[in-house]
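Chemist: This is the structure I have questions about; it appears just below.
The values are calculated or read from the model by the stated rules, or taken from the named source; none is laboratory data. Predicted model only: the values in this text are computed from it and were never measured. A quick note on method: Cβ atoms are made from the backbone with ideal geometry, for glycine too, and the neighbour counts reach across all protein chains shown.
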Amino acid sequence: MVGSKEDMVLPGTSASMDAEISAPISDVNAEPAPRPDQAKDNGGMIEPRLTAEPANASLAHLTAELARLRHVEAERDALLAHSELLRGANQNLVLATFDAQNLREEAETANIRQNEFLAMLAHELRNPLAPISMAGAILSKIASSTPQLSSVQKIIERQVSHLSGCLTICWMPLASTVEKLPWCAVKSA
């Protein structure tokens, strides 16, 4: 029966090999007919036999792979450009950090100089208060004091007291700075 399942032989199966072996040998020197899926020997060069369907499938696969690779390359280029931008921003941040540190050190130095100046000023203003206060006390002890002299003495005492209070308020935060100054030997209590 022609066309039955038993008569159909698929190339590369054991049934097709059995059919080739059992086929009558007509010409010993003739080359066997190649199967459609086998390669053809072309003078020492083996050329694969491709049918149109596997070639189209390979071409479609390669085209898809090429598109994917182009997409990956575009993403890589975008990431490299973004990385370069980030590198530049990082360099700017590092430079800004160094500038900020330098500015902070300069501000701290200026603050120390200001505190030293204020400490010196407070020290220099405190020194004449004792003689002024002493002069006010002597004026109050004069026997023949006039009302004007008594008024002047009260003004001196009030201003000395006020200035002494102000210097004490200003002096307290600067006391640690004053202790570090070489020209001022302040002893802690």
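Chemist: Take N115 and tell me if it is at pLDDT 85 or above and at negative phi.
Modeler: So N115 fails the test.
Chemist: Here is a further query. Can you tell which of E105, E84 is acidic (D, E), part of a helix (DSSP H, G or I) and within 30 Å of M172 (Cα to Cα)? Don't jump to the end; show me each part of the working.
Modeler: On the way: E84 fails: within 30 Å of M172 (Cα to Cα).
On inspection, the qualifying residue turns out to be E105.
Chemist: If you don't mind, there's one more thing I want to ask. What residue, of S161, S145, S140, S150, is among the small types (G, A, S), touching a helix residue (DSSP H, G or I) at 6+ places or on another chain (Cβ under 9 Å) and at pLDDT 85 or above? Please lay out each step first, then the result.
Modeler: On the way: S145 fails: at pLDDT 85 or above; S140 fails: at pLDDT 85 or above; S150 fails: at pLDDT 85 or above.
Of the residues listed, the single one that is among the small types (G, A, S), touching a helix residue (DSSP H, G or I) at 6+ places or on another chain (Cβ under 9 Å) and at pLDDT 85 or above is S161.
Chemist: Which one of these is acidic (D, E) and farther than 30 Å from I156 by Cβ: E75, E124? Break it down stepwise before answering.
Modeler: Details: E124 fails: farther than 30 Å from I156 by Cβ.
It is E75.
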